[in-house]
Ligand SMILES: Cc1cc2nc3c(=O)[nH]c(=O)nc-3n(C[C@H](O)[C@H](O)[C@H](O)COP(=O)(O)OP(=O)(O)OC[C@H]3O[C@@H](n4cnc5c(N)ncnc54)[C@H](O)[C@@H]3O)c2cc1C
């Protein structure tokens, strides 16, 4: 068979892999159901109307414009088979490669909570963020029209999950409500409530960050409820396991994730979190020529026996590139090499002027502008894999972080855009119907 690497998934991992192979002149077919790469760290900015969806969805054809050996197939994959290194597309056709790289990412995990999959808004894809933005925008417009006749609870939001996604989303929505009230457009802003079963926000951070996040959210007017789980989600509210309820049309699910659906039947028995366990060189035991990278992989953490690396953008990007390098090594008859992760730290942006980061070997903690600078550095680096103009992102982000004048309402009109200066024809096709990732 002629050498051709099949890559399933055009997220941070799949794109990094295909770019590296393309740089080496290797033939690649990258398959993704979307014709664009989506930058998940900024999804909450889209959901809270701070950025238009197009600004974080970069068309794959633009990313690979200079890479003649990379072909992009825009199609859903119904089955991946690691034993034959093949992908079955939703139209029934099959693609086969000399190598297969699975980079299919993750999907929201509703943990079997009744009604959550049907009624909660997940925040995992650009389509999820855009659906949520449109829902909130409709509620806000109705509330502004109705004035004091607005129904109680109409604008209330419950955010499930106290990790970075939940905290960032809560911060952005609380600031939005505050801004709408200050500007006089809303008489009764919605109450944003963040709930988590655990006893701290940002659990993977140190305890200082837990209190910092809680204090910043409280300052923005959000309510945090810890030690309480969600028992059910209904179309008009949420029921907690302590028997209490909140009536709301908006429950946002940031409560966890598991490996992409396609990984469940790809051959190897799925490991923890429905992800595929990989060997230190990112290949899969018993499946020659196959590599699994990014959020869909359990990548062993060499510094902590038995543990896996976290589901983070920098792990995804670095592992995608590393798998490509190992494919090239194997092609050249040299041994593959175990993945070495360069840890960039963990960070979260809680709102304007509020960020927390833990960086360096000893997880040194910083807050405020310094943390924001760390966040910016890491995210600009992630974006540099898909955009050549990261300076446009840096300008946008400093402006966002610095802007105190929260009464500038981005709620529905004219959010401040990233000046990407892409080609006019580089428009992503964002389809809003729900698909199972
Ligand atoms: C809301 C949110 C915020 C985050 N914030 C941060 C952050 O601040 N910093 C950070 O480092 N990390 C963050 N992360 C994590 C980071 O975004 C992920 O670790 C990273 O994007 C994973 O990249 P990936 O390529 O493995 O998967 P993805 O980016 O999810 O890409 C998977 C691709 O596969 C495609 N695909 C999947 N199944 C199929 C199929 N059956 N057929 C066709 N195509 C398919 C999908 O369309 C998608 O394009 C965040 C994640 C989320 C959800």
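The values are calculated or read from the model by the stated rules, or taken from the named source; none is laboratory data. A quick note: this is a predicted structure, and the numbers were derived from the prediction, not measured. Backbone-built Cβ (ideal geometry, glycine too); neighbour counts: all protein chains shown.
Of the strands (runs of 3 or more DSSP E) lying entirely inside region 338-379, the ones with 3 or more residues being more than 13 Å from the ligand (Cβ to nearest atom) are found at 364-367.
Can you tell me which residue among 208, 182 is in the same structural domain as residue 129 (by TED's automatic domain parsing) and farther than 30 Å from residue 365 by Cα? Sole residue among the options that is in the same structural domain as residue 129 (by TED's automatic domain parsing) and farther than 30 Å from residue 365 by Cα: 182.
When region 9-30 is examined, which residues are found to be more than 6 Å from the ligand (Cβ to nearest atom), touching a strand residue (DSSP E or B) at 6+ places or on another chain (Cβ under 7 Å) and outside any loop (DSSP other than H, G, I, E, B)? If the condition is that a residue be more than 6 Å from the ligand (Cβ to nearest atom), touching a strand residue (DSSP E or B) at 6+ places or on another chain (Cβ under 7 Å) and outside any loop (DSSP other than H, G, I, E, B), then 15, 17, 18, 21, 22, 28, 29, 30 are the ones that fit. Tell me, please, whether a residue that is surrounded by fewer than 21 Cβ atoms within 10 Å (Cβ to Cβ), within 16 Å of the chain's Cα centre (by Cα) and touching a residue at least 60 places away in the same chain (Cβ under 8 Å) can be found in region 295-302. For region 295-302, residues surrounded by fewer than 21 Cβ atoms within 10 Å (Cβ to Cβ), within 16 Å of the chain's Cα centre (by Cα) and touching a residue at least 60 places away in the same chain (Cβ under 8 Å): absent.
Can you give me the number of residues within region 355-374 that are surrounded by fewer than 22 Cβ atoms within 10 Å (Cβ to Cβ) and within 18 Å of residue 418 (Cα to Cα)? Of the residues in region 355-374, 1 are surrounded by fewer than 22 Cβ atoms within 10 Å (Cβ to Cβ) and within 18 Å of residue 418 (Cα to Cα).
Tell me, yes or no, whether region 49-56 has at least one residue that is modelled with pLDDT under 95, outside any strand (DSSP E or B), more than 20 Å from the chain's Cα centre (by Cα) and more than 9 Å from the ligand (Cβ to nearest atom).
No, region 49-56 contains no residue that is modelled with pLDDT under 95, outside any strand (DSSP E or B), more than 20 Å from the chain's Cα centre (by Cα) and more than 9 Å from the ligand (Cβ to nearest atom).
Condition check for residue 190 on (1) crowded, with 23+ Cβ neighbours inside 10 Å; (2) under 23 Å from residue 366 (Cβ atoms): one failure, at (2).
All of 364, 423, 429 fail the test of being at pLDDT 75 or above and more than 23 Å from the chain's Cα centre (by Cα), apart from 364. Only strands (runs of 3 or more DSSP E) whose full extent lies in region 85-130 are considered here, and the ones with at least 1 residues that are surrounded by fewer than 17 Cβ atoms within 10 Å (Cβ to Cβ) are 86-89, 94-96.
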